[in-house]
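Notes follow the structure.
Please treat every number below as a calculation from the coordinates, not as lab data. Being a predicted model, the structure only gives us computed values, none of them experimental. Virtual Cβ from ideal backbone geometry, glycine too; neighbours counted across all protein chains shown.
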Amino acid sequence: MATEHIVKSFDDELEALHGIIAEMGGLVGGELQAALDALANRDADAAAAATVTDETVNRLEHEIEELAVRMIAMRQPMADDLRAIIAGLRASGDLERIGDQAKNIANRVFTIVELAPVGIEPDVIELGIMVREIVSDAVEAYVERDTDKAEAVRTRDVEVDRRYTDIFSEILTLNTENSSRATVCTHLNLVVRSIERIGDLATDVAEEVIFMASGRVPKDDRSKADESFFVTASDG
């Protein structure tokens, strides 16, 4: 009976850890969506409101760190259980950084709304929506321990990289054609870079699902299609 109680307590703690991950995922996904809405509507007040959950996300990450340390110290987990704790720690860090990137996007809106649109904004927002969906799918894959959904997230990240490269090239061309657009193009480029980075972080979360299931960390065989480093204004 005592052994059953210990096992049940560990399972409860593990479920609590996964629950916090799910909560963090919902918060940072909402933060990203709010930042994208603020950009689409050119609304500085909405951009300010988009960052209000950042403190909560940071607190939840701290809760996961404390819970994970306690579980390792008190339960001395092995194999699958230890991988689940490690995956939770890493996933929470990835989600916290997604929140930071969403906050960066919202902060860029304050400057962008003061400048004339250059026409690329709808493409930036469309990419952001795609990545917002990837964040949601990655968190669902983690909570459901669904490796198929996790692999699908990894596949979609390649398309994010391709579209990021295309948008980066277009922004560079817009800036080259008219130097008066330099400020807005710089801020839009930073926004789209944050969006691409969020896609990478969401993929990292999905890869923790594969790690939990197999012990394999699949980062080394991830396909990347980000060629922005090689883009010049004459490309495309």
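Take peptides 114-123, 19-28 and line them up by average Cβ neighbours within 10 Å, highest first, as a rough protection proxy.
19-28, 114-123
Please determine, in degrees from 0 to 90 and to the nearest 10, the orientation of helix 2-41 with respect to the longest principal axis defined by the Cα atoms of the chain, where the helix direction is its Cα long axis.
10 degrees
For labels at Asp45 and Thr186 in the simple 7 Å Cα→Cβ model, what's the distance in nm?
With each label placed 7 Å out from Cα toward Cβ, I get 2.9 nm.
Mind sorting out which of (i) 7, 32, 39, 19, 3, 0; (ii) 7, 25, 26, 20, 15, 7, 0; (iii) 8, 30, 30, 19, 9, 3, 1, 0 is the real P(r) over Cα pairs in 10 Å bins from 0, in percent computed from the coordinates?
(iii)
For a Förster distance of 35 Å, can you work out the FRET efficiency between the beta-carbons of Val52 and Glu121, rounded to the nearest 0.05?
Calculated transfer efficiency: 0.90.
Can you grab the distance from the C-alpha centre of the stretch 13-84 to the C-alpha centre of the stretch 103-178, Å, no decimals?
Distance between centres, Cα-based: 20 Å.
Can you find, among Met212, Ala68, Asn107, the residue sitting farthest towards the positive end of the charge dipole of the stretch 2-230, where Lys and Arg contribute +1 and Asp and Glu -1 at Cβ?
Farthest towards the positive end: Asn107.
What area, in nm² and to one decimal, does the C-alpha convex hull of the stretch 7-75 cast on average over all directions?
4.5 nm²
Quick one: what are the phi-derived ³J(HN,Hα) couplings along the stretch 148-165, Karplus 6.51/-1.76/1.60 with θ = phi - 60°, whole Hz, x for glycine and proline?
Rounded to whole hertz, the list is 5, 5, 5, 5, 5, 4, 4, 5, 5, 5, 5, 5, 4, 4, 5, 5, 4, 4.
Tilt of helix 121-144 relative to the longest C-alpha principal axis of the chain, in degrees (0 to 90, nearest 10)?
It is inclined by approximately 10 degrees.
Using a 10 Å cut-off on Cβ atoms, rank the peptides 127-139, 91-103 from the highest mean neighbour count down.
In decreasing order of mean packing, 127-139, 91-103 become 91-103, 127-139.
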